[in-house]
Number of protein chains: 2
Amino acid sequence: MTSKKDRRPTIYDIAQALNIAPSSVSKALNDSSSVSDKVKVLVRNKAQELNYRHNSQAASLRKGTSRTIGVIVPKINSAFFSNAISGMEEVCFNHSHQLIICQTEESYAKEKQAVDTLITNNVDCIIISQSIETKGDSHLREVIKRHTPLIQFDRVNQSVSCHQVVNDNKTAAYHAVKELLNQGYKSIAFLGGSLNMHVYNERREGYLQAVKENGMMIPYDYVVADMHNEQNGYEVATTLLNSSLPPDAFLTSSDYIAFGVMKAVFAKGLSIPDDVGVIGFANEPFSSMIVPSLTTVDQNSRAMGIETANIYFTNLMDKQQSSISITKTVPCTIIYRDSTRKRID
Amino acid sequence: MTSKKDRRPTIYDIAQALNIAPSSVSKALNDSSSVSDKVKVLVRNKAQELNYRHNSQAASLRKGTSRTIGVIVPKINSAFFSNAISGMEEVCFNHSHQLIICQTEESYAKEKQAVDTLITNNVDCIIISQSIETKGDSHLREVIKRHTPLIQFDRVNQSVSCHQVVNDNKTAAYHAVKELLNQGYKSIAFLGGSLNMHVYNERREGYLQAVKENGMMIPYDYVVADMHNEQNGYEVATTLLNSSLPPDAFLTSSDYIAFGVMKAVFAKGLSIPDDVGVIGFANEPFSSMIVPSLTTVDQNSRAMGIETANIYFTNLMDKQQSSISITKTVPCTIIYRDSTRKRID
DNA sequence: ATGAAAGCGCTAACAT
DNA sequence: ATGTTAGCGCTTTCAT
């Protein structure tokens, strides 16, 4: 007896109750022009009464679109990615789309599996920021082959041609070095990330360009790669500060690395910014709270998420696939703080 | 001519290529016992060859289950929630389930809409942490009425009886006060959160219990509610420190509030921990990086996410609905740091 | 062990 | 403007 009442109500239930055709119910609910206002009102009221909810799974199967976008990121619990996702979510919400989020924890295997999961789930678009471990690109090519729109952001693989959203990493790093030079620092070291990651290479190149333009002489050990965390920063900075040609400033590719550098500087009995200047990357919440506050390159991560999602909604959705690839660049903003305010005397 | 090759391959394509029935293909792919090993091998090879991917949308419609869990949180870009989600995601991944994440940004309207979205998407379970604005509970009752498993975590609504995962907030606050007393502080103020939120009430009660047990006399203005951010903490602490009976310690319900308090203390020319002790809540990354480092109550947010997801997989999935509600309590851990290390002389 | 056929809930041709 | 019908891709009885 409850068997019928317990089922989730469908358009058939509404149709039956109203003695009309299911297709009319569907049209009414979708506000089609080929159904009378009278029926629309009737259907909406009955839907309300029966507590009917649209089953988007069924509709997706029929329509071949899921109104869902898949996002693959290394970690969701990092300031950069959670802000970016937050921005994407906002845009998706405004377009009545959903986000399915997968995290790879920097594992190539998990990244491949995530792509599979998203394909299996019929997402309308895949947004991805690669893991550090990732070497190959067959999983990305697979997505393209299936004509599922693919957008890379931040940690992009240049060898796969598709839509991309990145920061102006090179320019930002370049200007960060200029800022250090303007403040009077003479010998600047660069502690960067993984070399097989385009974004980190760009930062390195920006640094190198500034070095070159200003005729700086830098020892070979001033340019360090594969830095990831505070510990790395602390160790490398300690080594450099104890070398025969210690740097008087550091540009790092994350605020955590910068924090490690700061600790090393203090441990050596030096002062920031008077003896040593430091600039980080990412504008993590803590960067404004520590003493001295850390000058850092804000990546405008939320804006990046918004831009990324917007590519789908304005250029890809409902469009014929085109061969052109959109590349958006989100400018970084240098946040000037105390770690570089050298007293010039 | 490409019309056929361009379509996403289905089990029919495999069946046709192998000259067997689609149902056999389905069984083979699902490793059913009623299909020969020979066919299984044949099917798998052909699936690989055709680049076939399971369409979980279609399977879900047929099976009535989506292998998807919906999560509703106020903000994903906060340490607590992104860690919790990260934990849930890990558990879901291990069970081949997906997460659909919605954020409410503390809006009741968005929260109701998120519930609707998730129902519409046929999620197998809804996990929710309420927004501050949320007053009603009809949207949660609706979920229960539909027999969709509902799990509340952290910011739970006690009036809705369902599965819950919370911290031992009362005990944690109680012990935090005890710690302050042990360190020699005498008059402790409490800057708490929204009063219509159970978790914040619990923290308040833990504080009040400790106050009572220790026979402390506290002015009425020592217990403040509706604190949310650094700014709130700064302002209230400034007022209290300038009052005729200034407190010598603060327990706050977030690290951000605590940071505001610290700023107020310094602005007043007082020292931490010598003049004033401070304890926060959440163990935000910055809490260990500031000077002095902040003693704080770690909520073990990642563990909370894991516990929450586990409720679904061990108690709810594949089970007949039962009327009992599971409540799990994740213990907090006090992280002792410099903001409470008073030199006792 | 294999296959035929029905149907999950919805939408979109195509009649009428 | 309304209804009939087929079908999205899969699973699952039920026959054979």
Could you list, in sequence order, the residues of region A:56-70 that are open to solvent by 40 Å² or more (accessible area, probe 1.4 Å) and within 7 Å of DNA strand C (Cβ to nearest atom)? A:Leu61, A:Arg62, A:Lys63
Restricting region B:1-33 to residues that are of a type in the set (Gly, Ala, Ser) and within 7 Å of DNA strand D (Cβ to nearest atom), the one farthest from the chain's Cα centre (by Cα) turns out to be B:Ser23
Given region B:68-149, what strands (runs of 3 or more DSSP E) lie entirely inside it while holding 2 or more residues that are more than 8 Å from every other protein chain (Cβ to nearest Cβ) and within 19 Å of B:Gln164 (Cα to Cα)? B:68-73, B:125-128
Return the residues of region B:30-49 that are near DNA strand C (Cβ under 7 Å from one of its atoms), surrounded by 12 or more Cβ atoms within 10 Å (Cβ to Cβ) and in a loop (DSSP other than H, G, I, E, B); say none if nothing qualifies. B:Val35
Kindly indicate which of B:Val123, B:Val115, B:Val71, B:Val43 is more than 24 Å from B:Met317 (Cβ to Cβ) and either at pLDDT 90 or above or assigned by TED's automatic domain parsing to the domain that holds B:Pro285 (or both). B:Val43
Scan (1) within 13 Å of chain B (Cβ to nearest Cβ); (2) open to solvent by less than 40 Å² (accessible area, probe 1.4 Å) for the single condition A:Lys263 breaks and write down its number. (2)
Could you look through region A:94-113, keep only residues that are over 17 Å from the mean Cα position of the chain (by Cα) and at negative phi, and pick out the one that is surrounded by the most Cβ atoms within 10 Å (Cβ to Cβ)? A:His97
Checking B:Ser82 against (1) within 16 Å of DNA strand C (Cβ to nearest atom); (2) free of Cβ contacts under 8 Å to residues at least 24 places away in the same chain; (3) open to solvent by less than 20 Å² (accessible area, probe 1.4 Å), the condition it does not meet: (1)
I need the full set of residues from region B:135-174 which are over 18 Å from the mean Cα position of the chain (by Cα), over 20 Å from B:Met304 (Cα atoms) and of a type outside the set (Lys, Arg), in order please. B:Gly136, B:Asp137, B:Ser138, B:His139, B:Glu142, B:Val143, B:Ile144, B:His147, B:Thr148, B:Ser159, B:Tyr174
Within the bounds of region A:191-207, is there any residue that is over 26 Å from A:Pro74 (Cβ atoms) and either touching a Ser or Thr at 6+ places or on another chain (Cβ under 9 Å) or of a type in the set (S, T, N, Q) (or both)? no
Given the conditions (1) open to solvent by 70 Å² or more (accessible area, probe 1.4 Å); (2) closer than 26 Å to B:Phe286 by Cα; (3) in contact with a Phe, Trp or Tyr (Cβ under 9 Å, 6 or more places away or on another chain), report the number of the one that A:Ala258 does not fulfil. (1)
Could you tell me which residue of region A:45-58 is nearest to A:Thr308 (Cα to Cα), considering only residues that are out of contact with any helix residue (DSSP H, G or I) (no Cβ under 7 Å at 6 or more places or on another chain) and more than 9 Å from chain B (Cβ to nearest Cβ)? A:Gln48
Residues A:Ala303, A:Ala264: which one is touching a helix residue (DSSP H, G or I) at 6+ places or on another chain (Cβ under 7 Å) and closer than 22 Å to A:Asp168 by Cβ? A:Ala303
I'd like to verify a number: residues in region A:296-325 that are surrounded by fewer than 15 Cβ atoms within 10 Å (Cβ to Cβ) and closer than 22 Å to A:Val199 by Cβ, how many? 1
Go through region B:1-29 and give me each residue that's assigned to a loop (DSSP other than H, G, I, E, B), open to solvent by 80 Å² or more (accessible area, probe 1.4 Å) and modelled with pLDDT under 95. B:Met1, B:Arg7
Kindly establish whether B:Arg67 is among the charged types (D, E, K, R) and on the phi > 0 side of the Ramachandran plot. yes
Exclusive hit being away from every other protein chain (no Cβ under 14 Å) and hydroxyl-bearing (Ser, Thr, Tyr), set B:Ser293, B:Ser339, B:Ser244, B:Ser301: B:Ser244
Can you tell me which residue in region A:160-212 is modelled with the lowest pLDDT, limited to those that are open to solvent by 30 Å² or more (accessible area, probe 1.4 Å) and among the hydroxyl-bearing types (Ser, Thr, Tyr)? A:Ser161
What tally of residues in region A:318-344 results from selecting those that are at pLDDT below 80 and under 21 Å from A:Ala282 (Cα atoms)? 0
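The values are calculated or read from the model by the stated rules, or taken from the named source; none is laboratory data. From a predicted model like this one, the values you see are computed outputs, not experimental measurements. Glycine also receives a Cβ, built like all others from the backbone with ideal geometry; neighbour counts cover every protein chain displayed. Remember, those area values only see protein heavy atoms, side chains included, never the ligands or the DNA or RNA. Shrake-Rupley method; radii C 1.70, N 1.55, O 1.52, S 1.80 Å.
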